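Notes follow the structure.
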Amino acid sequence: MEQITDGEGLLKYPFNPSTILRKKRAIKKQLIAKSGQAFLSKKIAILGGSTTFEIKEILELFLLRQGIQPSFYESEYNKYFEDVMFENPTLREFAPDIVYIHTTSQNLELKPTFGDTPESVQAKLADQFSKFESLWQKLRETYNCLIIQNNFELPANRSLGDLDFYEFRGQTNFIGQLNLKLAAAAQKDDFLMINDIHYLASWIGLERWHDSKIWYLYKYAMAFEAIPHLAHNLAKVIGSCFGKSSKCLVLDLDNTLWGGVIGDDGLAGIKIGHETAACEAHSALQSYVRELKSRGVILTVASKNDFENAKEGFSHPDTVLKYEDFAAFKANWNPKDENIRETALEINIGIDSMVFLDDNPAERELVQQQIPELQVPNIGSEISEFLTILDRSKFFEPTRLSADDFQRPLYYVDNLKRNELKSKFEDYGSFLKSLEMKAEIAAFSPLFLGRITQLVNKTNQFNLTTKRFTEPEIKNFAESPKAITLYGRLLDKFGDNGLVTVLLGEIIERDLHMTLWLMNCRVLKRDLELAMFDALIERARAKNLRCIFGRYSATAKNAMVSNFYEQLGFELVDRDPANSLWKYSIPETSSQRNKYIEVTSE
Amino acid sequence: MNEAQILAVVQNVFRDVFDVEDLIISNETNSEHIEDWDSLMHINLVVAIEKELKIKFNLLELQDLKNVGEMVKLIQDKLEK
């Protein structure tokens, strides 16, 4: 038997589904043995309308690769509906974080027949949809969890041929309408996500997706070879719910963003625009990358070039990306891994949430060796494939688009301006004063639950406990009388930094126990944490509480806050290597710690 | 490919699928002998053998394979066709 040396690498897109299926056990062993990684434990209920065993097995691999260790509940064959609608103590005790409803077009009971009228088809559509709607409603009521629902793939056979698409009694037509209803429902419902198997099956090809033999024999609703694709897709959707999506794309320039070598070929010689096929391909990649940026992905450059040459490339008349689009621009002759590490520090994001795109396989290999936690897709050497592999790898999977997503790249550009200003002041206080900061600090409100959940699940560095919660759980805290919740949003003269900090304390008798205290690193050293502490004391005092208990739980990334409670004046209660517990007795009166931020609570 | 060669290929598939490096199988091996060889893992074996030898089993053939020997014979028939 062939020993596998890089189980994790086998899961990298583009992957070989057969190898994954055949070596799944060895891959799993390797992923678990990978030392030094603390897995995030999550409970996932798979409710299937067909056999789900292999889906569970392969999904586990892709989740482990993202640092999520799943435990599973699996419904009996085709009992997805009964499992939810009737009393189910096992599932109740399991208390899922996510319920995945794996239904396919095989599960549509109410398909149109030739005896139908337009009205009766619409009635069937409404009935079929309401079956799923009632399922989601019941799940929400009973388990208060996130729901991931498959949409419906195109059928393998169409006795009507192409007419099936536009005839009102056609199956294809029916599935299309049903999928639109699912989309509309998920748009309105923050707890419902769609696993788009309609796209996935089309992408892979229906010929490869459907396998009637495996359906008749074992009741799998798709070919075995399609299962790794399904599991990969699903794992990315689940990962995005728990903050595992990447945030930053690091780009090579020569022969990646444009064709040719700018240092040798000069501005007129690089391939970008529409003159040739190669120009078209590089322009398409640039356009795609700009799209990523406009929805919140941070862009940086790591290029072996003279800085001026590299910068000049973005003055080409046909360039889509501009120099100003990048939050960091490393063009020099240092090793790229050093440049990428520096970038991570400068813009304050974890290196495991960065993706590195480079056409040069030697460079990819070297950087990957130096920084194992960096995502380095194997984009091959064919420029027309780069974009496809980047897209299908699903690094930047969002669950929702928040206003913050559209603003994010701007924050980083504004930060460059703030840093310039900082260098002009002798003491830090007068710099802070000059920023003319205003903060809005208030309890969690429905409008911001999405952003708060996103922040809770994405923040790694300034995060005292690194506890992760789903949106339904956050909503529970927001509505609980036994909790104090606060979010903070910071504005200054350069712009709006957005909602950047979250606090959550749970009241037990007359004490407050801090479950969450976290802040986005783009507002470090702005005294916002002091303003938050002032607000926290004020609210705790209003509830007549005596003490605030804060815990620090060490992770690989949050050393910067190991002494945070001490700095705020908490006393140490208990400490072990990984945790420390701190206590603050609330005085009857206290002066404001924050001096530079004007606070409102609206 | 003769029977012994096919058996060697099949054995490699078994070793991967069950992740037992030194697993030895013979014509008499059946699902009683390998603890994890249930109907679910059986599909993994079938799919991996199909892929490895670029053959396709028929629906009917798959339902009544008694042991490895029958599997090997079936594969040999297919490869000779």
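A few points about this structure:
- Among the residues making up region B:1-30, those that are within 14 Å of chain A (Cβ to nearest Cβ), charged (D, E, K, R) and part of a helix (DSSP H, G or I) are B:R15, B:D16.
- Residue within region A:196-209 that is in contact with a Phe, Trp or Tyr (Cβ under 7 Å, 6 or more places away or on another chain), in the same structural domain as A:L146 (by TED's automatic domain parsing) and under 17 Å from A:N157 (Cα atoms) present: yes
- Filtering B:K73, B:K81 for residues that are more than 21 Å from A:S18 (Cα to Cα) and at pLDDT 90 or above leaves a single hit, B:K73.
- Of all residues in region B:47-71 being touching a helix residue (DSSP H, G or I) at 6+ places or on another chain (Cβ under 7 Å) and at the interface with chain A (Cβ under 9 Å from one of its Cβ atoms), the one that is surrounded by the most Cβ atoms within 10 Å (Cβ to Cβ): B:V47
- Selection from region A:153-163 of residues that are hydroxyl-bearing (S, T, Y) and either part of a helix (DSSP H, G or I) or not assigned by TED's automatic domain parsing to the domain that holds A:I197 (or both): none
- Test: residue in region A:31-46 that is assigned to a loop (DSSP other than H, G, I, E, B), in contact with a Gly (Cβ under 7 Å, 6 or more places away or on another chain) and surrounded by fewer than 21 Cβ atoms within 10 Å (Cβ to Cβ): yes
- Filter result for the condition that a residue is away from chain B (no Cβ under 14 Å), within 30 Å of A:G48 (Cβ to Cβ) and in a helix (DSSP H, G or I), over A:K311, A:K236, A:K293: A:K236
- Close pairs from region A:423-441: first closer than 15 Å to A:L490 by Cβ, partner surrounded by 15 or more Cβ atoms within 10 Å (Cβ to Cβ) and among the basic types (K, R), Cβ under 8 Å, at least 6 apart: A:L432/A:R526; A:L435/A:R418; A:L435/A:R526; A:M437/A:R526; A:A439/A:R489; A:E440/A:R489; A:I441/A:R489
- Positions within region A:540-552 being surrounded by fewer than 19 Cβ atoms within 10 Å (Cβ to Cβ) and either of a type in the set (A, V, I, L, M, F, W, C) or more than 32 Å from the chain's Cα centre (by Cα) (or both), in sequence order: A:R541, A:A542, A:K543, A:N544, A:R546, A:C547, A:F549
- Scanning region A:330-355 for residues that are in a strand (DSSP E or B) and either polar (S, T, N, Q) or over 16 Å from A:P377 (Cβ atoms) (or both) yields A:K330, A:A331, A:N332.
- Contact map, region A:364-384: first residue within 21 Å of A:A281 (Cα to Cα), second residue of a type in the set (F, W, Y), Cβ cut-off under 6 Å, separation 6 or more or different chains; pairs are A:V376/A:F356; A:I379/A:F386.
- Subset of region A:271-291 (residues that are among the aliphatic types (A, V, I, L, M) and crowded, with 20+ Cβ neighbours inside 10 Å): A:I272, A:L285, A:V289
- Any hit, region A:211-227, residues being in contact (Cβ under 8 Å) with a residue 24 or more places away in the chain and more than 14 Å from chain B (Cβ to nearest Cβ): no
- Residue list for region A:303-344, restricted to those being more than 26 Å from A:E275 (Cβ to Cβ), among the basic types (K, R) and surrounded by fewer than 21 Cβ atoms within 10 Å (Cβ to Cβ): A:R341
- Filter pass, A:K131 being over 25 Å from A:L59 (Cα atoms) and more than 30 Å from the chain's Cα centre (by Cα): no
The values are calculated or read from the model by the stated rules, or taken from the named source; none is laboratory data. Bear in mind the structure is a predicted one, so any value in this text is a computation, not a measurement. For neighbour counting, all protein chains shown are included, and Cβ atoms are generated from backbone atoms with ideal geometry for every residue, glycine included.
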